[in-house]
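J.: Supplied in structure tokens, the structure appears directly below.
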Amino acid sequence: MKTDSSPSRTVILIRHGQYTSKPEKLTKIGRAQALRTGKVLSKLKIDNLYCSKMPRAIKFAAIIESEVGLKARSRQIFNESILPGTREFMKRESQKLRSNRERKLFPRKVRDNKSRADQAVRFILKKPRRGQTTDVVVAHGNVIRYWVCCALNIDRKKWLSFSIRHGSLSTIRISSDGNAVILGFSDCGHLPLSIQTV
């Protein structure tokens, strides 16, 4: 049987595991999620491993590193952030801020966040040049949902309509013509029910 040899890129977006915020570290369940995810990835040919610069993603990626035999490269463009959403969402997020100054700067911060997330989109959805490659990016719930909306070419504010689990895999394949196909979203079948968390 002849296999398709046209260039393609597969990008697997992984949400980091369950974590605590102060201090920011993976929980016991989060570490188990990372180990299980790493074992699944070890069965694939991974060309590049990336992660955000946030501790929970770095620690999750470090566990995967030993399973796939690659060193993760951290990039700020993959960091978590509040992204543009519905008017109600933006108002609610603004009201969570403590000071008037923070509330005043909030729209600019969201614009900056969007700019960074769009930079990541250009990286994730770039056309393959040759061969068939697989990249893994350990990132965060908000941005992964946003990137998937971009790949689907739907309203980017729809990211709020998706739910994504810790340690889950969202897979995008990009063909040589730049067409992106979602092969899976928030896939957590590799995790036992006892360690599936949102």
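The values are calculated or read from the model by the stated rules, or taken from the named source; none is laboratory data. This is a predicted model, so every value here is computed, not measured. When we count neighbours, we look across all protein chains shown, and the Cβ atoms used for this are built from the backbone with ideal geometry, even at glycine.
J.: Could you check I64 against (1) part of a loop (DSSP other than H, G, I, E, B); (2) closer than 16 Å to T171 by Cβ and say which number it fails?
T.: (1)
J.: Right, here's the next one. Looking at (1) surrounded by fewer than 18 Cβ atoms within 10 Å (Cβ to Cβ); (2) touching a residue at least 24 places away in the same chain (Cβ under 8 Å); (3) in a helix (DSSP H, G or I), which is the one condition that is false for I144?
T.: (1)
J.: Enumerate the pairs (first residue in region 107-136 and over 14 Å from Q76 (Cα atoms); second residue anywhere and among the polar types (S, T, N, Q) and surrounded by fewer than 13 Cβ atoms within 10 Å (Cβ to Cβ)) with beta-carbon separation below 9 Å, excluding pairs fewer than 6 apart on the same chain, so at least 6 apart or on different chains.
T.: Pairs that qualify, where the first residue is over 14 Å from Q76 (Cα atoms) and the partner is among the polar types (S, T, N, Q) and surrounded by fewer than 13 Cβ atoms within 10 Å (Cβ to Cβ), are P128/S6; G131/S5; Q132/S5; Q132/S6.
J.: Listed residues L191, L105; which is surrounded by 13 or more Cβ atoms within 10 Å (Cβ to Cβ) and part of a loop (DSSP other than H, G, I, E, B)?
T.: Of L191, L105, the one residue that is surrounded by 13 or more Cβ atoms within 10 Å (Cβ to Cβ) and part of a loop (DSSP other than H, G, I, E, B) is L191.
J.: Have a look at K53, K71 and point out the one that is without any contact (Cβ under 8 Å) to a residue 60 or more places away in the chain, within 24 Å of C150 (Cβ to Cβ) and not in a helix (DSSP H, G or I).
T.: K53
J.: R9 fails exactly one of the following numbered conditions: (1) surrounded by fewer than 17 Cβ atoms within 10 Å (Cβ to Cβ); (2) assigned to a strand (DSSP E or B); (3) in contact (Cβ under 8 Å) with a residue 12 or more places away in the chain. What is the number of that condition?
T.: (1)
J.: Further question: Here are P7, P55, P84: which of them is under 30 Å from V110 (Cβ atoms) and out of contact with any helix residue (DSSP H, G or I) (no Cβ under 7 Å at 6 or more places or on another chain)?
T.: The conditions single out P55.
For every residue, the table says whether it meets (1) modelled with pLDDT of 95 or more; (2) among the hydroxyl-bearing types (S, T, Y); (3) touching an Asp or Glu at 6+ places or on another chain (Cβ under 9 Å).
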{"position": "L35", "(1), (2), (3)": "yes, no, yes"}
{"position": "D47", "(1), (2), (3)": "yes, no, yes"}
{"position": "Y50", "(1), (2), (3)": "yes, yes, yes"}
{"position": "P55", "(1), (2), (3)": "yes, no, yes"}
{"position": "R73", "(1), (2), (3)": "yes, no, no"}
{"position": "F78", "(1), (2), (3)": "yes, no, no"}
{"position": "Q119", "(1), (2), (3)": "yes, no, no"}
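J.: When P23 is evaluated against the numbered criteria (1) modelled with pLDDT of 95 or more; (2) out of contact with any strand residue (DSSP E or B) (no Cβ under 6 Å at 6 or more places or on another chain), which criterion, by number, is the only one it fails?
T.: Looking at each condition in turn, P23 falls short on (1).
J.: Also, quick follow-up: Going by what's in this entry, would F89 be described as among the aromatic types (F, W, Y), in contact (Cβ under 8 Å) with a residue 60 or more places away in the chain, in a helix (DSSP H, G or I) and closer than 26 Å to R173 by Cβ?
T.: Taking the combined requirement at face value, the residue does not satisfy it.
J.: Here is a further query. Just name the residue that is farthest from V121 (Cα to Cα) out of those in region 76-85 that are assigned to a loop (DSSP other than H, G, I, E, B) and more than 12 Å from the chain's Cα centre (by Cα).
T.: Among them, the one singled out is G85.
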